[in-house]
1. Of the beta bridges DSSP finds with both residues in the chain, what % are antiparallel, to the nearest 5?
2. Under a GNM of the chain (C-alpha, springs under 10 Å), which listed residue has the highest mean-square fluctuation: 205, 38, 186?
3. Rank 153, 240, 42 by mean-square fluctuation in a GNM of the chain with C-alpha springs under 10 angstrom and give only the top-ranked residue.
4. Given the Cα-Cα distance of residue 259 and residue 6 and 0.36 nm per residue of separation, how much length would full extension add, in nm?
5. What is the Rg over Rh value, at two decimals, for the chain, using alpha-carbon atoms and the Kirkwood definition of Rh?
6. Among 25, 106, 87, whose Cα lies farthest out toward the positive end of the dipole of region 7-288, if unit charges sit on the beta carbon of Lys, Arg (+1) and Asp, Glu (-1)?
7. Taking one equal scatterer on every alpha-carbon of region 182-255, how large is log10 of I(q)/I(0) by Debye at q = 0.14, 0.15, 0.27 1/Å?
8. So for region 7-288, taking the charge dipole from beta-carbon charges (+1 Lys/Arg, -1 Asp/Glu), which of 282, 135, 148 sits furthest toward the positive end?
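Nothing in this text is a laboratory measurement; each read-out follows from the coordinates by a stated rule. As the structure is a prediction and not an experimental result, all values here were calculated from the model. Glycine gets a Cβ as well: all are built from the backbone with ideal geometry, and neighbour counts include every protein chain shown.
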Amino acid sequence: MNGAITHVNILIHGLFFMTYDPSSQNLVILAPNITGHHFVGGVRGNRAQLSGDVNLTSAGLQPGFPDFPGDPLTTVPRDVKGSIPQFTRDETGLGDFSTDSSRFVGRIILPWPGRFHSLRCDDLATTFDYDPHSFVGARIEARSRAKGSSMIGVVLCLRYKVANPNQVPWPANLNPHYYLQPCLPHDADGVNDDLYQASFCFTNHDKFDFRMLKPKTPIPRTDPGLNKCNDNPPGLDPNGADENSLDEENAAHAPDVMSICAQDKADTANGGPGEPAVSPANCPIFYVG
C-alpha cells in the first residue's frame, strides 16, 4: 500500500537542462538528444527506456514554491542550491530552448519540488575542471560561489511531500530514478562531444561554450555515499546505491539496465571499457534561468 508514504525522493542523473515554466508553475527537465545516451526511468530493478514526456504533475506530489529574487525569466531561484550548476539565458545570450523537437528525446514535467538536494558532491575548485575560456563555465562557478557553495553535485534529488499517497505511481518506499547517460564510461573528449550536441537545445547554440578542460584524459572518480555536501535527505540508500550512474548499474550487472544497454558496444576511443568514472566533470544536470 502507498498509504504510508509521506515524502518522495526523485533522483536525476546525467546531462539534462531544467527550468521553471511560469505558465504552469512546474519544473520542466529537458533531455537532449545525444548519441549513445539512454533516457531511462523507473525504480531500481524495474527501469525502462523512455521517450516523449513523463508528466508527474498528477502523481500526488505536493508542489513547492520557487524563491525568485527577481524576474523569474532572468534569474535562478534561491532554493536552487549553489552546488547545482546554474546559469541564465539572459546572461549567456543562449536565447530560448529550440523548438526543433528532434533536439530532445523527452521531458520530465513535475511540480516545483519542496526541496532540491545535491548528491555525490565533490570540490568545485578541483573536480569541476572546465575550460577557462568558457563564459558559461565561468557563470556557473560564479553563481555557485555567490550562493556559498564550494562543492558541485553530480546527482540531483528532488524531494516532495506527498499530497495523495494513492496517486504515487511507483511502489512505496522506493525512489524513482531518471537518467540521460551512456551505458559505457566516457573520457573528457566524450563528455565534450556530448556537451556540443546538447548545445543545439538552444536557439543561439554557439553561445553554449561549456567544455571540460583536459582532453584525452580519464575523469577522476567521485565515489557515491560520501555525502560531501551534507545534504542527503532521509530515504536514500545509506551506502550510496541511489547515486549510481547508468553505466555503474550496467557494470554491476543490474538485469533491468543490462537489457537497456545490451546493444551498446565498447568504444575504446571514448573511454570504455573500464571502470565508470562519475564526477562533477561528467555531465551534471544544469538549471537554466
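1. On the way: 38 of 50 bridges.
Bridges in the chain are about 75 percent antiparallel.
2. 205
3. 240
4. Details: separation 253, 0.36 × 253 = 91.08 nm, distance 3.24 nm.
Stretched out fully, the residue 259 to residue 6 stretch lengthens by 87.8 nm.
5. Working: Rg = 17.6 Å, Rh = 19.0 Å.
In the chain, Rg relative to Rh is 0.93.
6. Farthest towards the positive pole: 25.
7. -0.67, -0.74, -1.13
8. Farthest along the dipole direction, towards plus: 148.
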